[in-house]
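So the structure is just underneath, and the comments pick up after that.
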């Protein structure tokens, strides 16, 4: 299960996640892989997400983190050109507008 934008999640959402993750396995239920996405620059040390992750770890739930690097205008242009096998120069000219429209606030 993939849950995105956890930095905007409210307390009832975290309670639901807790119930799902900490459920008592029943006959026929299999393992659960939960992947959550959030913007680390929008999650303070007192954010409820950190409290939830601490609770999971205290209960023995395996929690792993993968930090993704910030996308730069250049890296987005390169990926777009590679993916579409397009003209690198044409894509590079329009990429700053695409990058701005993506909502990434941490431009480098």
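The values are calculated or read from the model by the stated rules, or taken from the named source; none is laboratory data. None of the values given here were measured: they were computed from a predicted structure. Ideal geometry is used to build each Cβ from the backbone, glycine not excepted, and the neighbour counts take in all protein chains shown.
Hey, could you check region 52-71 for residues that are over 17 Å from residue 4 (Cα atoms) and touching a residue at least 12 places away in the same chain (Cβ under 8 Å) and say which is surrounded by the most Cβ atoms within 10 Å (Cβ to Cβ)?
Here is the first cut: in region 52-71, the residues over 17 Å from residue 4 (Cα atoms) are 54-62, 71.
Going one step further and asking which of them are touching a residue at least 12 places away in the same chain (Cβ under 8 Å), we end up with 55-56, 59, 61, 71.
Working: 55: 14, 56: 17, 59: 10, 61: 13, 71: 15.
Among them, the one singled out is 56.
If we scan region 20-27, do we find a residue that is surrounded by 14 or more Cβ atoms within 10 Å (Cβ to Cβ), out of contact with any strand residue (DSSP E or B) (no Cβ under 6 Å at 6 or more places or on another chain) and at pLDDT below 75? Even if it seems obvious, please write down each step before you answer.
Initial filter on region 20-27 (surrounded by 14 or more Cβ atoms within 10 Å (Cβ to Cβ)): 21.
Subsequent filtering for residues that are out of contact with any strand residue (DSSP E or B) (no Cβ under 6 Å at 6 or more places or on another chain) retains 21.
Then drop every residue that is not at pLDDT below 75, which leaves none.
No, region 20-27 contains no residue that is surrounded by 14 or more Cβ atoms within 10 Å (Cβ to Cβ), out of contact with any strand residue (DSSP E or B) (no Cβ under 6 Å at 6 or more places or on another chain) and at pLDDT below 75.
What's the total number of residues in region 5-49 that are in a loop (DSSP other than H, G, I, E, B) and in contact (Cβ under 8 Å) with a residue 12 or more places away in the chain?
The first filter runs over region 5-49 and keeps only residues in a loop (DSSP other than H, G, I, E, B), leaving 5, 9-10, 22-34, 37-39, 43-47.
Retained after the next criterion (residues that are in contact (Cβ under 8 Å) with a residue 12 or more places away in the chain): 5, 9, 22, 32-34, 37-39, 43, 47.
Residues that pass the stated criteria total 11.
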